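A short write-up of the structure that comes next.
Every number here is computed from the coordinates shown, using simple stated rules; none is lab data. Note that the coordinates shown come from a computational prediction; the quantities given were computed from them, not determined experimentally. All Cβ positions, glycine included, derive from the backbone under ideal geometry; neighbour counts span all protein chains shown.
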Amino acid sequence: MKDKITNILSKIKPVVKAIEPYSLKHYRAPVKINQNENPYDMPDVIKTAVNKLMSEKAWCRYPDFVPSVLISQLAEFNQWKSDGILVGNGSNELIEALMIAAIEKNTKVLISQPTFTLYSMFAKMLGGNCKEVCLLPSLEFNVEGIRAESRQADLTIICSPNNPTGSLLEQDDLRLILKTSSGLVIVDEAYHEFSRQSVVSLLNDFENLIVLRTFSKAMSMAGLRVGYLMGNKKLVEQISKAKLPYNLNIFSMTAAMSALTHFDLLAPQIENVIAERERLQVRLKQIPGVLPFPSQANFIVFQLAGDPRIIFDSLFQDGILVRDVSRYPMLDQCLRVTVGLPQENDRFITSLTKIMRHA
Ligand SMILES: Cc1ncc(COP(=O)(O)O)c(C=O)c1O
């Protein structure tokens with residue numbers, strides 16, 4: 001029996017077997033501030049409107065092959081062309097499609113690290129030759145390093161604001177990278193609303209730029225899985241070949257359209273998260289042995305004078321779930337906390353203060 005499974009496993013690509021799976025242990029805690037979700041749920045007005053629309057639609061029919069109404073709304077919302085937009089089942093699906101379309105054996109992929117794990121995982125699985133440029137010790141982007149390496153790269157991948165550090169790449173620095181890079185430059189703006197900035201306007205000047213977005217964070221829709229990609233029409237046409245047909249279900253599509261229509265209801269929630277992030281920064285700085293890094297996202301990475309795994313466990317015992325990022329490059333002394341509701345943030349600060357007295 002053992003020999004048979006060994007034989008069968010030999011059919012799996014060695015690069016796949018060498019990769020650590022991207023998964024999150026299923027911890028449950030009363031204060032869940034570990035996944036960069038929005039602590040404010042979708043406003044009831046939008047939920048009610050979506051439920052009503054869904055009860056009037058035929059569920060037995062496939063969605064439109066291209067969700068053109070949603071795409072037109074996104075085009076207007078972002079001041080970008082409809083034919084340069086692709087919608088996906090979460091931005092994860094579009095990351096996958098983009099990589100399938102662009103990466104083969106030995107494709108040169110440059111990734112600024114530490115960052116969202118999925119990028120290097122897929123690049124390696126597809127045979128890409130990954131090169132990493134680390135952030136500076138301040139956790140700011142190493143612009144010169146990225147610029148130098150991206151001259152030779154087929155793909156340069158930058159998450160801005162970056163997950164898990166919250167670092168932001170300034171638009172002028174991206175402009176420099178785009179000018180000198182010989183390949184595609186992907187900017188993942190999953191958290192851009194929390195920085196009140198975007199690089200979308202650069203799409204007009206640079207045909208090698210691709211911007212990824214999600215409805216999972218600021219738009220309070222992580223459970224519904226909607227993301228989108230913006231880029232040059234001809235590039236988007238090619239990438240769309242690698243995504244599955246009917247990838248966006250009608251419920252998620254309807255919810256995304258309503259969220260855009262009622263964005264005025266979501267905007268104040270985003271401002272609340274930003275204000276809470278700034279309050280958390282101040283409170284974290286006041287705890288002896290804790291050093292938070294500046295963040296333009298809805299989370300903060302903080303360095304600890306003590307073993308982060310033990311501190312993670314102590315917080316968990318106290319009912320608080322944060323993210324252990326200590327296995328990421330450069331972050332071996334760090335944990336990451338997502339900005340929660342004010343009362344959740346207070347509970348987290350009280351607990352961490354108590355734990356650090358004994359760390
Ligand atoms: C930088 C970044 N990109 C993409 C994603 C995935 O987003 P989605 O929920 O749209 O698949 C995440 C999720 O945490 C992320 O941090």
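Observations on the structure shown:
- A full extension of the chain between N142 and Q333 corresponds to an added length of 66.7 nm, given 0.36 nm per residue minus the alpha carbon distance.
- Cleavage-rule hits, GluC sites (Glu not before Pro), region 233-340, DSSP coil, Cβ neighbours within 10 Å at most 11: none
- Cα-based reach from K47 at 18 Å (exclusive), listing aspartates and glutamates while leaving out same-chain residues under 8 positions away: E37, E56, D264
- Antiparallel content of DSSP bridges confined to the chain, in %, to 5: 45 percent
- Karplus-derived 3J(HN,Hα), 6.51/-1.76/1.60, for each residue of region 136-147, Hz, glycine and proline x: 6, x, 6, 6, 7, 5, 8, 4, 5, x, 5, 4
- Around the amide H of Q303, modelled in the peptide plane, lie the amide H atoms of L291, F293, all under 5 Å away and 5 or more residues distant in sequence or on another chain.
- Applying a threshold of 29 Å to the alpha-carbon distances of K131/K241; K17/K241; K52/K217; K25/K234; K11/K131 flags K25/K234 as lying beyond it.
- Residues whose amide H lies under 5 Å from that of N36, counting only those 5 or more places away or on a different chain, are T338; hydrogens are built 1.01 Å from N in the peptide plane.
- Taken as Cα centroids, region 39-96 and region 275-352 sit 33 Å apart, rounded to the nearest whole angstrom.
- Computed [θ] at 222 nm, helices only, for the chain once each DSSP H run of length n ≥ 4 contributes -39500 (n - 2.57): -12500 deg cm²/dmol
- Phi angles of region 345-359 translate, via the Karplus equation with coefficients 6.51, -1.76, 1.60 and θ = phi - 60°, into HN-Hα couplings of 5, 4, 4, 4, 5, 4, 5, 5, 4, 5, 5, 5, 5, 10, 6 Hz per residue; Gly and Pro are given as x.
- Dipole magnitude (debye, nearest 20) for region 156-202, charges at Cβ of Lys, Arg, Asp, Glu: 100 debye
- Once each of the trypsin sites (Lys or Arg not before Pro) sitting in a DSSP loop with at most 10 other beta-carbon atoms within 10 Å is removed, the chain keeps 242-359 as its longest stretch.
- Prolate/oblate/rounded label for the chain (Cα gyration tensor, a/c 1.5): rounded
- Distance histogram for region 203-264 (every C-alpha pair counted, 10 angstrom bins, percent rounded to whole numbers): 19, 44, 34, 4
- Shape of region 93-133, Cα gyration tensor, a/c cut at 1.5: oblate
- Between Y62 and F263, the simple spin-label model (points 7 angstrom out along Cα→Cβ) gives 3.1 nm.
- For region 261-272, 3J(HN,Hα) computed residue by residue from phi via the Karplus equation (6.51, -1.76, 1.60; θ = phi - 60°) reads 4, 9, 4, 4, 7, 8, 4, x, 5, 5, 4, 4 Hz, glycine and proline entered as x.
- Simple point charges give the picture: +1 on the Cβ of Lys and Arg, -1 on the Cβ of Asp and Glu, and for region 244-285 a dipole about the Cα centre of about 260 debye.
- Relative contact order of the chain, defined on C-alpha pairs under 8 angstrom at six or more residues apart (%): 23 percent
- Gyration tensor (alpha-carbon) shape descriptor, region 130-197, a/c threshold 1.5: prolate
- Where chymotrypsin sites (Phe, Trp or Tyr not before Pro) in DSSP loops with at most 14 other Cβ within 10 Å are excluded, longest remaining stretch of the chain: 66-245
- For G90, the amide hydrogen comes within under 5 Å of the amide hydrogens of V226, G227, counting only partners 5 or more places away or on other chains and with H modelled in the peptide plane.
- Dipole magnitude of the chain, debye to nearest 20 (Cβ charges: Lys/Arg +1, Asp/Glu -1, about Cα centre): 1040 debye
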